[in-house]
Amino acid sequence: MKLQATKKDIKKFFSSKKIAIVGASRSPQKFGHMVYRDMLKKNYPAVPLNPNATEILGHTCYTSVSGLPDDTDAIVILTPAAQTASIIEEALAKGIKKIWIQQKSESVEAFNLLDDKQVTLIAHNCIFMFMEPVTSIHKMHRWMKSTFGKMPA
């Protein structure tokens, strides 16, 4: 499995019908809340997933990958790395083929599960650097990564 995503992979991911934010949080200080909130602000078709919440930002929150709406075709994983492999297993069982594993959620076990699967995998990249329009510190990080040749080709 290739771990270096391309621009085409990222474009394909963001063109999804519905993107589940696995690890969305009710707490505004948590990264999972920030990602979900910004996706909504930027009009991405995002839905929250958190097994301990029924609603986030006024939207129904799903408690498992298997319980997501059938038209969910992508997930962003923002959970602790120890949970990522089981989330991947559920996603594959549901037929989800576009997976973004955020930094700090990555695990060797999760990558091994995806090794021979035909999925679009994005890892080793912060989603904020690619959610258009890119703003604030993320815009500077993207510029720096571009300057030093570290952006997906």
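The values are calculated or read from the model by the stated rules, or taken from the named source; none is laboratory data. Every value quoted in this text rests on a predicted model; they were computed, and no experiment measured them. Every residue, glycine among them, receives a Cβ derived from its backbone with ideal geometry; neighbour counts consider all protein chains shown.
Inspection of segment 17-28 identifies no residue that is of a type outside the set (K, R), out of contact with any helix residue (DSSP H, G or I) (no Cβ under 9 Å at 6 or more places or on another chain) and at pLDDT 95 or above.
Residue check: F148 meets all listed conditions (1) crowded, with 16+ Cβ neighbours inside 10 Å; (2) farther than 18 Å from I21 by Cβ; (3) aromatic (F, W, Y) but one, namely (1).
Tell me, yes or no, whether segment 124-144 has at least one residue that is hydroxyl-bearing (S, T, Y), at pLDDT below 95 and over 12 Å from the mean Cα position of the chain (by Cα). Within segment 124-144, one or more residues are hydroxyl-bearing (S, T, Y), at pLDDT below 95 and over 12 Å from the mean Cα position of the chain (by Cα). The single residue among K139, K150, K117 that is without any contact (Cβ under 8 Å) to a residue 12 or more places away in the chain and either aromatic (F, W, Y) or farther than 19 Å from Y44 by Cβ (or both) turns out to be K150.
Run down T135, T63 and say which single residue is among the hydroxyl-bearing types (S, T, Y), over 23 Å from K17 (Cβ atoms) and surrounded by fewer than 19 Cβ atoms within 10 Å (Cβ to Cβ). Result: T135 is the single residue among T135, T63 that is among the hydroxyl-bearing types (S, T, Y), over 23 Å from K17 (Cβ atoms) and surrounded by fewer than 19 Cβ atoms within 10 Å (Cβ to Cβ).
Just to be sure, is Q4 in a loop (DSSP other than H, G, I, E, B) and at pLDDT below 95? Yes: the conditions hold for Q4.
Among the residues of segment 8-25, at least one is surrounded by 14 or more Cβ atoms within 10 Å (Cβ to Cβ) and over 20 Å from I122 (Cα atoms).
Tell me which residues, restricted to segment 66-96, are of a type in the set (A, V, I, L, M) and either touching a residue at least 40 places away in the same chain (Cβ under 8 Å) or surrounded by 19 or more Cβ atoms within 10 Å (Cβ to Cβ) (or both). L68, A74, I75, V76, I77, L78, I87, I88, A91, I96 - these are the residues of segment 66-96 that are of a type in the set (A, V, I, L, M) and either touching a residue at least 40 places away in the same chain (Cβ under 8 Å) or surrounded by 19 or more Cβ atoms within 10 Å (Cβ to Cβ) (or both).
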